[in-house]
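Just below is one structure, and these are the notes that go with it.
The values are calculated or read from the model by the stated rules, or taken from the named source; none is laboratory data. What you see is a predicted model, and the numbers here were worked out from it, not measured in a lab. Heads up, the Cβs are rebuilt from the backbone with ideal geometry, glycines too, and the neighbour counts pull from every protein chain shown.
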Amino acid sequence: MEYKDYYATLGVPKTADEAAIKKAYRKLVRKYHPDVSKEADADAKTKELNEAYGVLGDAEKRAAYDELGKAPRGGGQEFRPPPDWGSGFESHGGADSDFFSDLFAHVGGRGRGRTFSMQGEDSHAAIEIALQDTYTGASRTIVMRVPEPDGQGRVITLERTLNVTIPKGVTEGQQLRLAGQGQPGSGGAPAGDLYLEIRFAPEPRYRIEGRDVYETVPVAPWEAALGGEIAVPTPSGRVTVTVPAKSQGGRKLRLKGRGIPGAGSAAAGDLYLLLEIALPPADTPQAKALYEQMAREMNFDPRAGL
């Protein structure tokens, strides 16, 4: 029988690894699938691809096929596999070639006539949430635009609305898996999954590092100098904290366990309040007079150490 080069069929070198073979197969089989392809030989090409991948996609069968491929085939010598090679193998396509059938003669008709099927690809997208959402959990409605084949074999774009649950304690970059919401499968195979990457909406007051949250808190000069209690809005609600006397701008106050809540085995993060001294404007005669009095009576030079 005539030897068939399955590597050439898939367009990969003989040194290609499993991932490269699978990638080439999936790309080509989508191109020639009868449901979407307009090629005249789409059906025959799909059967060839299924046949090639049925061998090269199986490590044992590929090794045996490679060994058979080393045998000389010139001078009219027939290419014959060992008697029991391929026993138990099931094909993935319809009618197989003579080459394939001879190689897997012991299979009989067990795999013949099966409908082509392939699980859909996974999809990836990003979803933006507010920082507060990870403290309480939330739900979002998103609209996805997905390609799907219509009854005439054309690929059209449809809108799909999904309700997404944001669990408490999610972190930046974490992915939420929505099973079966990816690209549709072929031939009755299941759809792929949809992975949504969590992103926090930008908020100038907050900086996030893992589960720790850093919040900039403005304080008046007298609050920093004299100390005292102040009320601070935080992602988990308003809290009252004590500002130590003689605090300088940039001082960091730690609130243990008030960062992003824990999830699974991960412990809750901490919330760090970064003090920022805010100066009142000298926009009235009284305010201006107070600043002038401070300039006269206070022995203070902010650049003394420069």
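Among the residues of the stretch 263-275, those identified as closer than 20 Å to Arg207 by Cβ and surrounded by 14 or more Cβ atoms within 10 Å (Cβ to Cβ) are Ala268, Gly269, Asp270, Leu271, Tyr272, Leu273, Leu274, Leu275. Kindly indicate whether any position in the stretch 275-282 is under 20 Å from Thr171 (Cβ atoms), under 55 Å from the mean Cα position of the chain (by Cα) and modelled with pLDDT of 95 or more. Checking the stretch 275-282: not a single residue is under 20 Å from Thr171 (Cβ atoms), under 55 Å from the mean Cα position of the chain (by Cα) and modelled with pLDDT of 95 or more. Scanning the stretch 28-64 for residues that are modelled with pLDDT of 85 or more and either of a type in the set (Ser, Thr, Tyr) or farther than 20 Å from Lys4 by Cβ (or both) gives a single hit, Tyr53. Just one of (1) in contact with a Phe, Trp or Tyr (Cβ under 6 Å, 6 or more places away or on another chain); (2) closer than 30 Å to Leu290 by Cα; (3) surrounded by 14 or more Cβ atoms within 10 Å (Cβ to Cβ) fails for Lys252. It is (3).
Of the residues making up the stretch 185-215, just one is of a type in the set (Val, Ile, Thr) and either farther than 23 Å from Glu276 by Cβ or assigned to a loop (DSSP other than H, G, I, E, B) (or both), namely Ile198.
Just to be sure, is Gly180 under 25 Å from the mean Cα position of the chain (by Cα) and under 29 Å from Ala138 (Cβ atoms)? Against the criterion (under 25 Å from the mean Cα position of the chain (by Cα) and under 29 Å from Ala138 (Cβ atoms)), Gly180 qualifies.
Working carefully through the options Ser101, Ser87, find the one that is more than 30 Å from Ile156 (Cα to Cα), modelled with pLDDT under 80, assigned to a helix (DSSP H, G or I) and among the polar types (S, T, N, Q). So the residue among Ser101, Ser87 that is more than 30 Å from Ile156 (Cα to Cα), modelled with pLDDT under 80, assigned to a helix (DSSP H, G or I) and among the polar types (S, T, N, Q) is Ser101.
For the stretch 218-273, the set of residues classified as in a strand (DSSP E or B), touching a residue at least 40 places away in the same chain (Cβ under 8 Å) and either hydrophobic (A, V, I, L, M, F, W, C) or in contact with a Lys or Arg (Cβ under 6 Å, 6 or more places away or on another chain) (or both) consists of Val219, Val232, Ala263, Ala266, Leu271, Tyr272, Leu273, listed by residue number.
Might you let me know whether the stretch 293-305 holds any residue that is among the basic types (Lys, Arg), in a loop (DSSP other than H, G, I, E, B) and either touching a residue at least 12 places away in the same chain (Cβ under 8 Å) or touching a helix residue (DSSP H, G or I) at 6+ places or on another chain (Cβ under 6 Å) (or both)? Checked against the condition, which is being among the basic types (Lys, Arg), in a loop (DSSP other than H, G, I, E, B) and either touching a residue at least 12 places away in the same chain (Cβ under 8 Å) or touching a helix residue (DSSP H, G or I) at 6+ places or on another chain (Cβ under 6 Å) (or both), the stretch 293-305 yields no hits at all.
Of the candidates Gly173, Gly192, Gly187, Gly180, the single residue that is at pLDDT 90 or above and not hydrophobic (A, V, I, L, M, F, W, C) is Gly173.
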